[in-house]
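Below you will find the structure I want to go over with you.
Read-outs: derived from the displayed coordinates by stated rules, not from any lab. Computed from a predicted model, the values in this text were never measured in an experiment. For neighbour counting, all protein chains shown are included, and Cβ atoms are generated from backbone atoms with ideal geometry for every residue, glycine included.
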2 protein chains.
Amino acid sequence: MRQNALLRSGKGLGTPGTARKKAPVAVVAPAAEERDDHFALRHGVPCAGVHLIVDLHGAQGLDDIDLIEATLRRCVTAARATLLHIHLHHFHPNGVSGVAVLAESHISIHTWPDAGYAALDVFMCGKADPDACIPILRAAFRAKRVAVKELLRGRTADD
Amino acid sequence: MRQNALLRSGKGLGTPGTARKKAPVAVVAPAAEERDDHFALRHGVPCAGVHLIVDLHGAQGLDDIDLIEATLRRCVTAARATLLHIHLHHFHPNGVSGVAVLAESHISIHTWPDAGYAALDVFMCGKADPDACIPILRAAFRAKRVAVKELLRGRTADD
């Protein structure tokens with residue numbers, strides 16, 4: 001059973017006011033999480049992981065940080081991945097950047113609400129299913145167009 | 001001057017023991033950071049950002065979490081980007097996953113030390129310079145081979 005070593009380590013979010021000299025402290029978890037298998041098999045090709053480059057066009061809700069967080073969590077569940085850490089940042093005047101760090105790699109999102117555009121990466125190794133995220137993203141953000149490019153990371157033949 | 005709203009919000013890293021039911025809480029910063037310009041120009045092509053897919057082969061130090069953190073920070077500085085949050089996770093028996101969330105998007109890293117392989121993403125918009133990260137990564141991890149693929153995210157013509 002995976003334990004979330006991250007929270008137990010609890011290594012500082014830092015002290016307000018110290019941020020400008022040295023950027024936010026890294027939260028470093030002790031070595032406890034088992035990675036869910038190292039290599040994936042995609043269409044019969046062994047690789048370190050499957051990396052989906054996802055672009056949403058004509059999308060809505062791209063400044064709704066609660067929607068974005070909930071959607072990332074639903075993606076993780078649907079992909080049968082394990083969420084280790086999630087961080088979202090709301091920009092001024094609008095726009096959100098966020099990353100969900102997974103035992104199987106990560107999902108990232110960067111939104112440009114005025115342009116109705118969001119750039120996501122869904123990178124998963126092991127037995128997690130990155131494709132399961134696509135319909136969730138399409139529906140959550142009511143995207144008019146979803147472009148998906150697939151990269152097999154860590155193939156020995158070529159990159 | 002950018003203020004690090006993230007630390008001031010300090011929204012919980014959660015309580016040890018609660019992690020298993022609900023995954024680690026999202027750290028959500030109030031809307032304060034100005035994004036460093038929305039669109040980039042790459043070879044004369046406007047896009048939301050430049051996304052470098054970087055694969056290191058025959059690399060070393062891939063289980064050294066301090067080296068990895070320091071290297072990510074050096075990359076951010078060299079790229080003239082702004083670090084908002086950094087998170088690293090050490091797996092058992094080895095391997096590190098990490099993400100640096102930037103005002104200009106993110107840098108991610110996932111390492112497979114036994115294979116001497118690391119998968120990185122350097123995604124930056126605005127005026128930050130993602131290319132500056134490449135020589136730093138090559139040197140820090142003494143990679144025998146560095147493969148870089150460039151994606152222009154958010155082009156309206158195609159993705």
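Using a Förster distance of 41 Å, how high is the FRET efficiency between A:His92 and B:His92, based on the Cβ-Cβ distance and rounded to 0.05?
About 0.55, to the nearest 0.05.
For label points placed 7 Å from Cα toward Cβ, what is the shortest-first list of nm distances from A:Pro135 to its copies?
4.9
A further question follows. Whose Cβ in chain A comes nearest the axis that rotates A onto B, and by how many Å?
Nearest to the symmetry axis by Cβ: A:Val99, 2.
Here's a follow-up. According to a simple spin-label model (label point 7 Å from Cα along Cα-to-Cβ), what is the distance in nm between B:His43 and A:His57?
2.0 nm
How are the Cα pair distances of region B:96-159 distributed, in percent, across 10 Å bins from 0?
All Cα pairs, binned at 10 Å, distribute as 17, 50, 27, 6, 0 percent.
A further question follows. Can you list, shortest first in nanometers, how far B:Gln60 lies from the same residue in the other copies, with each label 7 Å from Cα toward Cβ?
Going from nearest to farthest copy, the values are 5.6 nm.
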